[in-house]
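The values are calculated or read from the model by the stated rules, or taken from the named source; none is laboratory data. It should be emphasised that the depicted structure is a prediction, and the values quoted were computed from it without experimental measurement. Here the Cβ is made from the backbone with ideal geometry for all residues, glycine too, and neighbour counts use every protein chain on show.
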């Protein structure tokens, strides 16, 4: 795994480049200092779970994605994607999510329900729910509307994946934790149709669940439609 391997396609290479560029640039960046028009009035004590912040945007979203399994652990798959080989496992999935709150004008929270079908050397189903925190204010948003998000929550498979057995050596572990990274981009003319790059991860939170550490990682790409 320490040897660099070529990307499967130019599309994957471009998408992963976007992940790394956004990851490097995003941390120190703050957008312009003006408060949005829908910000709470001074002195208004609005609970976070009622503070939508971006009330002009749709509350709901549906996502479709497709991707392939990676042989590296989560950190390798995220930070050294070009040096981690893919395997024969594939996933196709759909999610439904809803914005559930906000914290400052930069961060919104979402709840997501997911169904995914895995296939390749083994066919199985995955069901999950997750809570996401999303940063959505970038200085280039007038050209490409960008957001970065992390999501966490339980994930259940209808059988123990062989791919994960090879990682943790356990025969009956179906419920684990999912920890997902997302990068989205959209044209300002069509803000509700967003391109998606998503690293989907299952693990036992460093051994807290059934003694499992890393289990599986999938780089996926797709679309989000907000409504």
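Which one is modelled with the lowest pLDDT, of the residues in the stretch 153-174 that are surrounded by fewer than 15 Cβ atoms within 10 Å (Cβ to Cβ) and closer than 14 Å to residue 217 by Cα?
Here the answer is 166.
Go through (1) in contact (Cβ under 8 Å) with a residue 40 or more places away in the chain; (2) out of contact with any helix residue (DSSP H, G or I) (no Cβ under 7 Å at 6 or more places or on another chain); (3) surrounded by 13 or more Cβ atoms within 10 Å (Cβ to Cβ); (4) farther than 27 Å from residue 60 by Cβ one by one and return the number of the condition residue 132 breaks.
So the condition that residue 132 fails would be (4).
Hey, any hits in the stretch 201-222 for a residue that's closer than 19 Å to residue 109 by Cβ, touching a residue at least 12 places away in the same chain (Cβ under 8 Å) and touching a strand residue (DSSP E or B) at 6+ places or on another chain (Cβ under 7 Å)?
So far as the stretch 201-222 goes, no, none of its residues is closer than 19 Å to residue 109 by Cβ, touching a residue at least 12 places away in the same chain (Cβ under 8 Å) and touching a strand residue (DSSP E or B) at 6+ places or on another chain (Cβ under 7 Å).
Do you know which residues across the stretch 98-112 are touching a helix residue (DSSP H, G or I) at 6+ places or on another chain (Cβ under 7 Å) and surrounded by fewer than 14 Cβ atoms within 10 Å (Cβ to Cβ)?
Across the stretch 98-112, the qualifying residue is only 103.
Among the numbered criteria (1) touching a helix residue (DSSP H, G or I) at 6+ places or on another chain (Cβ under 9 Å); (2) within 16 Å of residue 74 (Cβ to Cβ), which one does residue 171 miss?
Here residue 171 clears every test but (2).
Please determine, by comparing only the residues of the stretch 205-227 that are surrounded by 13 or more Cβ atoms within 10 Å (Cβ to Cβ) and part of a loop (DSSP other than H, G, I, E, B), which one is nearest to the chain's Cα centre (by Cα).
Top of the filtered list is 213.
A quick yes/no check of all residues on (1) out of contact with any helix residue (DSSP H, G or I) (no Cβ under 8 Å at 6 or more places or on another chain); (2) surrounded by fewer than 20 Cβ atoms within 10 Å (Cβ to Cβ); (3) farther than 19 Å from residue 227 by Cα:
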residue	(1), (2), (3)
77	yes, no, yes
114	yes, no, no
122	no, yes, yes
127	yes, yes, yes
143	yes, yes, yes
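If we scan the stretch 49-60, do we find a residue that is in a strand (DSSP E or B) and modelled with pLDDT of 95 or more?
Checked against the condition, which is being in a strand (DSSP E or B) and modelled with pLDDT of 95 or more, the stretch 49-60 yields at least one hit.
Of (1) in contact (Cβ under 8 Å) with a residue 40 or more places away in the chain; (2) part of a strand (DSSP E or B); (3) surrounded by fewer than 22 Cβ atoms within 10 Å (Cβ to Cβ), residue 177 satisfies all except one. Which?
Evaluating residue 177 over (1) in contact (Cβ under 8 Å) with a residue 40 or more places away in the chain; (2) part of a strand (DSSP E or B); (3) surrounded by fewer than 22 Cβ atoms within 10 Å (Cβ to Cβ) leaves (1) as the failure.
Could you check how many residues of the stretch 175-204 are under 18 Å from residue 77 (Cα atoms) and more than 17 Å from the chain's Cα centre (by Cα)?
Here the count works out to 1.
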